[in-house]
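Worksheet for the structure shown next.
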């Protein structure tokens, strides 16, 4: 314990270590925020995207903050519902048939077109769904007939080919907002309207509509090809990466360390066996085996964790620790312990291991980012955890869907930045610890 | 002395040989999922046979009861042809024998570009691509790092030294990670270099143009490998040289007034040669496996990609073939290093066993 407190005090002398600690602190804070605001099961559900949770979120939207850059003014998503209705009338036509008229209005002030438009109906009926007639009203007074249809399924305005043909071959979300007199295709800013004329055929029938105009920006982190808010994955990536990195690093470094000590202390055949197993283990190719496990058995992140640890117990690090323990084994205090009859167990765990903990700590801290990147590497190969959102999986999605080619840089840059921050944070602290605990490396 | 060295070499050879046997056998077990891959293969055979039967006019007309035995017979015949009728445990040992005698056999799904199923040919076809990439990158990395480290250890504490040391944490990220950034900058934004692949398509006819195209495609992956490892390599070599140049005999040489180059050559590099050789040897054999992810990101047709493709297709013979060659290379290197150390380094006490390999 005293070693740790001393170490932390000394760390304060290294600016890079302080920066590293701040990064690690931020990541831990992020993890707690993620776990508290989005519970585990909720995160999995969101990332699976079941029940259409992302239906009203645009695809591949840039983060909102890109609008802060000069010259960029991308539209946000807006949803018009019953609150935006400016006029409304209900007229019984007899025979249980009613005619309703609703008019929604909104201001559009962006320099770019929306990405997509959909109209969702919320209709109650027993047998005959209401019938609607839709008219688009532009700021310059034109009226465009959108469609006439039954209100039983969402109307995907952007996918309406007939409409596109009618408005000059432009995609509906472009054509409906385009300025008809401009030379280039630019949006006309001003107040738009949607006129809905509906016929209800049943006594208890009712009709509500919601117009979703999908923007080109969403949230702090943007969205991916499945309309998922990347913020979920970026936030949840932190606790997963830290937990995985920490557990893997503990498993990998501590087990190797203890086994090296046991081998050295008992010597003879125990040592020989340990060294021989290590030789076998070095021959086994770690990454291919992980890929085999991922492809053939299970892609669960915790199974991978177990395999990584199992493969790293007898790693080449044993040879390094062995050399150090051999020196310690001959030290007088160990002789003394032996003389007063300390048990083997006691000598290994109370006398030998603590002596080398200073060597272990920097190695441990630097193993964490290595493991975080290993998880990301597996994810990039398509072997990420099937349920959990991780940074690596976001990168993989971005890569597979050609994010770089399509210009969705945020999709690659945000998870990369977090991975890099994690790597740098732990590595900076690790190097500083190395210099503190191994004075031979200390600068002037 | 001669007898002791001989006995030591023999013991080492046996121990390493056994390690190869066990390591390769474990790989065979894992790559076959302890026999489960055979079930997958049998299912594939059944599907193929069933489709074949249904494509046959006369057989399709048969009633179900008569058709089933025909399918079963055909499946059994095919399984026997592929040796799948013997229990997995028995076959696993014959696999082991084949693998150890480097009789790599034939792939189940993969073929070489020339169309061969021979694993030896498939591996040999991929080897040049991996070697071109990793030999260039690793040699650059190795000699560049040692050269810079020597230079820094002379100017230790200078601004340059501090800058490079401060950059060491960047090596926490693997090469494919930097590869993505390099592609973003040089292929997407600047459009100077290709996204990936080894040569442009279709491959140029003349040798010179081919080489130029290859070089152009190599720049980004090589840069990614070098960037991801150079700073940590410089850092560790520099620390290593610093420790060794604070030895008394170096101080003595300085006191004698020798030039700094002479001191480095005779008193720093020479005693540190064994670890340098070890590192170099491991770097060389490390090329065999290539880098699975880097090759995937850059679409580089090397051994790493091959291994990944083989795993995705459950093509166990290819996996085992690649691993057994690697195991032999590794163990031979370990063995040679052992012998070289035992002969060259006076500090190595043969037979005592208490030393770092």
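Observations, loosely collected:
- Averaged over A:422-428, number of beta-carbon atoms from partner chains that fall within 10 Å: 4
- Gain on full stretching of the segment that runs from residue B:158 to residue B:255 - 0.36 nm per residue minus C-alpha separation: 32.6 nm
- With contacts taken as Cα pairs under 8 Å at a separation of at least 6 residues, the range B:128-344 carries a relative contact order of 29 percent.
- Computing FRET efficiency as 1/(1 + (r/R0)^6) for residue A:243 and residue A:401, where r is the C-beta to C-beta distance and R0 is 22 Å, gives about 0.20.
- Remark: chain A projects, on average over all directions, an area of 31.0 nm² (convex hull of Cα atoms).
- Cβ neighbours within 10 Å from other chains - mean over A:290-299: 5
- Ranked A:155, B:25, A:33, criterion: other C-beta atoms within 10 Å, fewest first: A:33, B:25, A:155
- Note on the range B:60-103: percent of Cα-Cα distances in each 5 Å bin, starting at 0 and stopping at the bin with the largest distance, equals 5, 19, 16, 16, 13, 10, 7, 6, 5, 3.
- Degrees between helix B:119-154 axis and first principal axis of chain B (Cα, 0 to 90, nearest 10): 20 degrees
- Euclidean distance between Cα centres, the range A:367-434 to the range A:117-143, Å: 44 Å
- Just checking the listed ones, B:255, B:327, B:19: in the Gaussian network model of chain B with Cα springs under 10 Å, the one fluctuating most is B:255.
- Three-way shape label, the range A:1-81, alpha-carbon gyration tensor, a/c 1.5: oblate
- Entry note, chain A: the mean residue ellipticity at 222 nm calculated from DSSP H runs of n ≥ 4, each adding -39500 (n - 2.57), is -15000 deg cm²/dmol after division by the residues and rounding to the nearest 500.
- Cα long-axis angle, helix A:230-249 against chain A (0 to 90 degrees, to the nearest 10): 10 degrees
- Using the Cβ-Cβ distance between residue B:143 and residue A:12 with R0 = 30 Å, the FRET efficiency computed as 1/(1 + (r/R0)^6) comes to roughly 0.20.
- Over the range A:75-214, relative contact order from alpha-carbon pairs under 8 Å, at least 6 apart, %: 41 percent
- Rel. contact order, % - alpha carbon contacts under 8 angstrom, at least six apart, the range A:138-212: 26 percent
- Separation of the residue A:85 and residue A:254 label points, Cα + 7 Å toward Cβ, nm: 6.3 nm
- With a Förster radius of 30 Å applied to the beta-carbon distance between residue A:59 and residue A:204, the computed FRET efficiency rounds to 0.20.
- More than 18 Å apart - percent of Cα-Cα pairs taken over the range A:263-307: 48 percent
- Computed P(r) (all Cα pairs; the protein assembly as shown; 20 Å bins; percent): 12, 36, 31, 15, 4, 0
- Rounded if a/c under 1.5, otherwise prolate or oblate - the range A:33-114, Cα gyration tensor axes: oblate
- For the range B:248-288 versus the range B:3-41, the spacing of their alpha-carbon centroids is 35 Å.
- Paramagnetic reach from residue A:182 (point 7 Å along Cα→Cβ, amide N under 16 Å) across the range A:62-79: A:71-76
- More than 20 Å apart - percent of Cα-Cα pairs taken over the range A:15-169: 70 percent
- Relative exposure of B:222, B:250, B:323, A:86, judged by other C-beta atoms within 10 Å (fewest first): A:86, B:250, B:222, B:323
- As a rough footprinting exposure proxy, the listed residues A:290, B:100, A:80, B:160 were ranked by other beta carbons within 10 Å of their own, and the order from fewest upward is B:160, B:100, A:80, A:290.
- Between the alpha-carbon centres of the range A:3-57 and the range B:97-166 there is a gap of 36 Å.
- Orientation-averaged projected area, Cα convex hull of chain B (nm²): 26.6 nm²
- Over the range B:2-100: Rg over Rh, Cα atoms, Kirkwood Rh: 1.32
- Per residue convex hull volume, Cα atoms of the range A:146-186, in Å³: 67 Å³
- Cβ neighbours within 10 Å from other chains - mean over B:182-194: 2
- Taking the C-alpha atoms of the range A:352-439, convex hull volume expressed per residue in Å³: 103 Å³
- Whole-number D in µm² s⁻¹ for the range B:91-217, Kirkwood Cα-pair radius fed into Stokes-Einstein, 37 °C, 0.692 mPa s: 173 µm²/s
- Taking the C-alpha atoms of the range B:16-175, convex hull volume expressed per residue in Å³: 195 Å³
- GNM top mover of B:318, B:37, B:75 - chain B, alpha-carbon springs below 10 Å: B:75
- Choice from A:432, A:248, A:339 with maximal GNM fluctuation in chain A (Cα, 10 Å cutoff): A:339
- At full extension, residue B:71 and residue B:12 could sit 15.9 nm farther apart than now, given 0.36 nm per residue minus the alpha carbon distance.
- Taken over the alpha carbons of the range A:207-286 as equal point scatterers, the Debye sum produces base-10 log I(q)/I(0) values at 0.11, 0.17 Å⁻¹ of -0.59, -0.84.
Bear in mind these aren't lab numbers, they're just calculated from the coordinates by the rules spelled out. Computed from a predicted structure; not experimentally measured. For neighbour counting, all protein chains shown are included, and Cβ atoms are generated from backbone atoms with ideal geometry for every residue, glycine included.
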